[in-house]
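Heads up, the thing below is written out as structure tokens.
Nothing in this text is a laboratory measurement; each read-out follows from the coordinates by a stated rule. For clarity, every value in this text was computed on a predicted model and none was experimentally measured. Glycine gets a Cβ as well: all are built from the backbone with ideal geometry, and neighbour counts include every protein chain shown.
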């Protein structure tokens, strides 16, 4: 199965989407499958038609609808674009331009039309890393793979990656006891493994990001501990895939690595929930949508949990007051989205999670920067 081609949005890119205002703003989300690239264009065409129909029904000027139709038709016809996808695709279009993001998490199909973009589902991709890396370490081999849910591991070509311990230190064998070296025996073997590990770490710097994405190690001791001693990558998972990875297929290794990633995410979410409980005892949390909107407007929210599937129809004014609406048919952008937007743009953290992961199980739960 092909690997994932992702475009995780940066904070400035999300800022731009959240700040954008144009009457005819279209947001499309659809699941994609790298193993079945022919299905996504069909789904995209249907969602695009729904969005254009909504615009026409709202009385959008004909020229703007035609410009959007041209952009979306061009994207639909780009066969090469559809060959390189991840788990979901987000499309943000106006009459002037189209922006796309290929995402590693699975999102439900949706077509939204408003005077702003529907960004909340996109925030799911930056709440916790949805993918990671697996470094399979052995004395006789090393390989780096990208891992993501539902996709077989993809081996990454790493320039200058040493083949094994012996070649890394210019020896025919790691057990070479040449008297030319003062350090011999088991101590010498560890020294050579450390040299091997340093060369691996140096090679990885060319392909790994600066951080933020978990790196899972697979291997056995003492090589794992030696690599940790010299590794410069900041986000190495504590848990490992134990045992010599040689002789184990990529699919088996990455399946075990995904279990480690799940544990990493669960631990991170657990720490945030514990912080919420601690701040609750200090009077620094709110779970009411109206309260969250008011504090978000004041820039007083440090962290907000939002149900990324929740829609609360309504608007939030410049003072943070909520006006709820009964119109819930085909509404995508609402109060929860606006709370998330205001928290994000005030420098707070937005956690787009499933409803069961929102403290107290509501639409929102906010940790305040100070007690009100």
For a quick protection proxy, order the peptides 85-96, 253-264 by their average other-Cβ count within 10 Å, most packed first. 85-96, 253-264
Could you compute Rg(Cα) / (2.2 N^0.38 Å) for segment 98-138, with N its residue count? 1.64
From the C-alpha gyration tensor of the chain, pull out the three semi-axes of the equivalent ellipsoid (sqrt of 5λ each), sorted largest to smallest, in whole Å. 46, 27, 15
Using the Cα gyration tensor of segment 218-268, with a ≥ b ≥ c the square roots of its eigenvalues, what is the shape: rounded (a/c below 1.5), prolate (a/b larger than b/c) or oblate (neither)? oblate
7 Å from Cα along Cα→Cβ at both residue 70 and residue 20: what's the point-to-point distance in nm? 1.8 nm
Shape call, segment 11-127: gyration tensor on alpha carbons, a/c limit 1.5: oblate
Compute the angle between helix 62-76 and the longest alpha-carbon principal axis of the chain, please, reported from 0 to 90 degrees and rounded to the nearest 10. 20 degrees
So for the chain, averaging the separation of alpha carbon pairs under 8 Å that are six or more residues apart and normalising by length, what relative contact order in percent results? 15 percent
Placing one identical point scatterer on every Cα of segment 282-368 and ignoring solvent, what is log10 I(q)/I(0) from the Debye formula at q = 0.20, 0.25 Å⁻¹? -0.83, -1.27
Using Cβ contacts closer than 10 Å as the measure, can you line up 64, 229 from fewest to most? 229, 64
Once you've got the GNM for the chain with C-alpha springs shorter than 10 Å, pick whichever of 285, 303, 311 has the biggest mean-square fluctuation. 311
GNM on the chain, C-alpha springs below 10 Å: top fluctuator among 293, 16, 251? 16
Once every DSSP H run of n ≥ 4 in the chain is given -39500 (n - 2.57) and the sum is divided by its residues, what mean residue ellipticity at 222 nm do you get, rounded to the nearest 500 deg cm²/dmol? -12000 deg cm²/dmol
Angle, helix 185-204 long axis vs. longest principal axis of the chain, Cα atoms, 0 to 90°, nearest 10? 30 degrees
